[in-house]
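Contents: one structure, followed by commentary.
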Amino acid sequence: MRALGGEPGPLYAGVKQMILARIQSGEWPPNARVPSENELVSELGVSRMTANRALRELATEGVLVRIQGVGSFVAERKGHSALVEVRNIAEEIKARGHAHTAEVIVLQAETASPEVADALEIPIGASVFHSVIVHHENDVPVQLEDRFVNPAAAPDYLVQNFQATTPNAYLTRVAPLAEAEHVVEATLPAPWECKLLAVARGEPCLTIRRRTWSEATSVTAVRLVYPGGRYRLEGRFSARADG
C-alpha cells in the first residue's frame, strides 16, 4: 500500500500529508474549514475509515480542531490561560485579537448543597447564586464556567448582563480579590459538558477548581473546564535568594 503521492506507507498518512501541505502553503489558513470525511472520500478515493483516522490523528497532534456536528478546522496556536492568576477570559481572548462571546446557560438562585456550602463557608441550605456560562473564542467554545457565588459578597449578581461583561470582571469590581485557592486536574467531560463544549466523550479536559475571598468573606467557588485540545494553562514562578 502506498501513501498518496507514491511514497510507500499507509493511505491515512498520505491524507495527513496532503492536509499538512495545504496548511503549510497557506491554502488553508488558521480557522479554515478542512474537507469532511465524506468530502475526502470523494476527492481522494480513500475509504471513510482512512479519512477518519487522518483527521483524528491531526486533531490529536493539535493541527486541527474537530467540533462535533460542525466540522474540522485548522488550529491556531492554542489559546492559553494563566495557571494561578485570576484573569478575565474575555480580556485574554481579545488580547490575542480574537472575538469573545458568552452563552449564559444558567443564572439563578439555589439552595446550597453540602458540597457548595462547604466551599463557600456558608450554612447548608442557604441561598446561593449559580451561573453556568460557555465562553467562545471566534465562535469556538473554549471554557465552561460553572460558578457558585455567595450573595453576601455580590447581592446584585443575578441582574448582571453576562453577555456584556464576565462574572470575573463584575466580581473583581464589587468584591476585590484578597485570596484565591486553585486545584488543577485532568478530567473527562460529563455528557452535558460534551454538548456545551462540542467535544467527544473521550476527549480529556483541563479543569480548574477555584475559590476566592474578599477580605474575610468567601466570594465564589467556580469550576472552569477547558477542552484539552483547544487550550492550555500556563504558570511561571521565580525564586530569588536574598543577598
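Points to keep in mind about this one:
- For L177, the stated conditions do not hold, so it cannot be described as among the aliphatic types (A, V, I, L, M) and open to solvent by less than 70 Å² (accessible area, probe 1.4 Å).
- Checked against (1) open to solvent by 30 Å² or more (accessible area, probe 1.4 Å); (2) among the hydroxyl-bearing types (S, T, Y); (3) more than 24 Å from H98 (Cα to Cα); (4) at pLDDT 90 or above, Y157 passes all but a single condition, namely (1).
- Cross-chain or 6+ apart pairs with Cβ under 8 Å, segment 32-44 first and among the polar types (S, T, N, Q), then assigned to a helix (DSSP H, G or I) and open to solvent by 20 Å² or more (accessible area, probe 1.4 Å): N38/R48
- Residue in segment 23-44 that is modelled with pLDDT under 90, at positive phi, surrounded by fewer than 17 Cβ atoms within 10 Å (Cβ to Cβ) and touching a strand residue (DSSP E or B) at 6+ places or on another chain (Cβ under 9 Å) present: yes
- Contacts under 8 angstrom Cβ, first residue in segment 196-213 being closer than 16 Å to V70 by Cα, partner at pLDDT below 90 and of a type in the set (G, A, S), 6 or more apart: A198/G69; V199/G229
- Within segment 58-72, the only residue that satisfies the criterion of being open to solvent by 40 Å² or more (accessible area, probe 1.4 Å) and either modelled with pLDDT of 85 or more or at positive phi (or both) is G69.
The values are calculated or read from the model by the stated rules, or taken from the named source; none is laboratory data. What you are looking at is a predicted structure, and each value in this text was computed from that prediction instead of being measured. Glycine also receives a Cβ, built like all others from the backbone with ideal geometry; neighbour counts cover every protein chain displayed. Heavy atoms of the whole protein, side chains included, go into the accessibility calculation; ligands, DNA and RNA do not. Shrake-Rupley method; radii C 1.70, N 1.55, O 1.52, S 1.80 Å.
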